[in-house]
1. What share of the DSSP beta bridges in the chain is antiparallel, in percent to the nearest 5?
2. Treat each spin label as a single point 7 Å out from the Cα along the C-beta direction, and report the residue 307 to residue 138 distance in nm.
3. Please tell me the relative contact order of the chain in percent, rounded to the nearest whole number, where contacts are Cα pairs under 8 Å and at least six residues apart.
4. Taking the Cβ-Cβ separation of residue 409 and residue 265 as r and a Förster radius of 60 Å, what is the calculated FRET efficiency to the nearest 0.05?
5. Between residue 166 and residue 351, how many nm apart are label points set 7 Å from Cα along the C-beta direction?
6. Roughly how large, in nm² to one decimal, is the mean projection of the convex hull of the alpha-carbon atoms in region 263-351?
7. Starting at 0 and stepping by 10 Å, how many percent of the alpha carbon pairs of region 398-469 end up in each bin?
8. When ranked by the protection proxy of mean other Cβ atoms within 10 Å per residue, highest first, what sequence do the peptides 448-454, 85-91 form?
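Please treat every number below as a calculation from the coordinates, not as lab data. Keep in mind it's a predicted model, so treat the numbers as computed, not measured. All Cβ positions, even for glycine, are placed from backbone atoms using ideal geometry, and neighbour counts span all protein chains on display.
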């Protein structure tokens, strides 16, 4: 026979909780519990765990007397007290029902025959749901779906007020055990967000923030908070994450903010002060700062982007009026006053107007970015720069070769000079036979014309290309 249950939820050591949060909705929780044990077998109930705990991931270690405790059995109890649960477990028991009829009240006592909702298996793999309360009154009446107040005589066995772990364990001696409990939980995640403010002289300032969303069903109070960015493998449906890189030189936000370190093939960010992450709360914390970061703004026409391995024919693609993309590029290195691992997240860009007021100008998403890597942000499309692209000639030389000619008119309607990059893409074995302007071959499929246009200038680029496959 087991001794009465010993509740130890109140014995959670203050400030002992540590939680490591992962990008994909996963948290690893560790805390210290203190409980008085007697020699022999006994049951221990551990409350104050996350509702979305993965009970199969629970770990245990006796800190002050290692090896003196052996856990024989573990159960995770999550059948919480609620009106629905109480009625479901009270079927076949006596209840009292009170309802108002006009100015009079009627009280009926009897046996609860059906709870408001019952789900049964049909025998062929499907389920059927029965809805509606049924009471057999003491006077013989069968009352269907009554509305009113129902009193039960007792709380059914097996219901608890909060999710709990039940351990059956054996202690070698009487002792006050300091036990480290660890487990994985779902429902908690984090992501990074960045604010990039562009200055007037091709430099920018960046502020990085961490947003933690806790839907795990538990508040982690005064916890040691760690964030892990890395491509960890979990046995479940694939999730988007991943991060590699080295240490860098950008300033972490403050001395009591996050400290970054390498862990295995990942990066770990540890907050240098305790933090409380309450249930159903989104918390934001400062991650990093970088000042006076050199950047380049580029206006880019790329009409054939996304048409990989396209082989031309009589039909035309990538022609007509074009609106260019505007990109901002910078390097995550120490020379640029950055040079630290940057977790994946959304980058919002701002710039001040003539009055000095800050304005939002666009946003983009970056992946996990190691130090010394280049970052390219798609900001939007230029208002005052336009182009018309047309194919002026097409000739089929053989069944597997063609000759094409193109003409791209680029117009700078800005009141200032602009440098514009014109990307032209071809696949297979291609060769430019005629051209009006020099270009740079960026890769096997791409050539780039760099055009420097004065304010209001219009320029036409022409070239002919032969393609074989």
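1. Around 90 percent of the beta bridges assigned by DSSP in the chain are antiparallel ones.
2. 8.6
3. The normalised contact order for the chain reaches 14 percent.
4. Calculated value: 0.75.
5. Reported label-point gap for residue 166 and residue 351 is 6.5 nm.
6. For region 263-351, averaging the hull's shadow over all directions gives 12.0 nm².
7. 19, 46, 25, 9, 2
8. 85-91, 448-454
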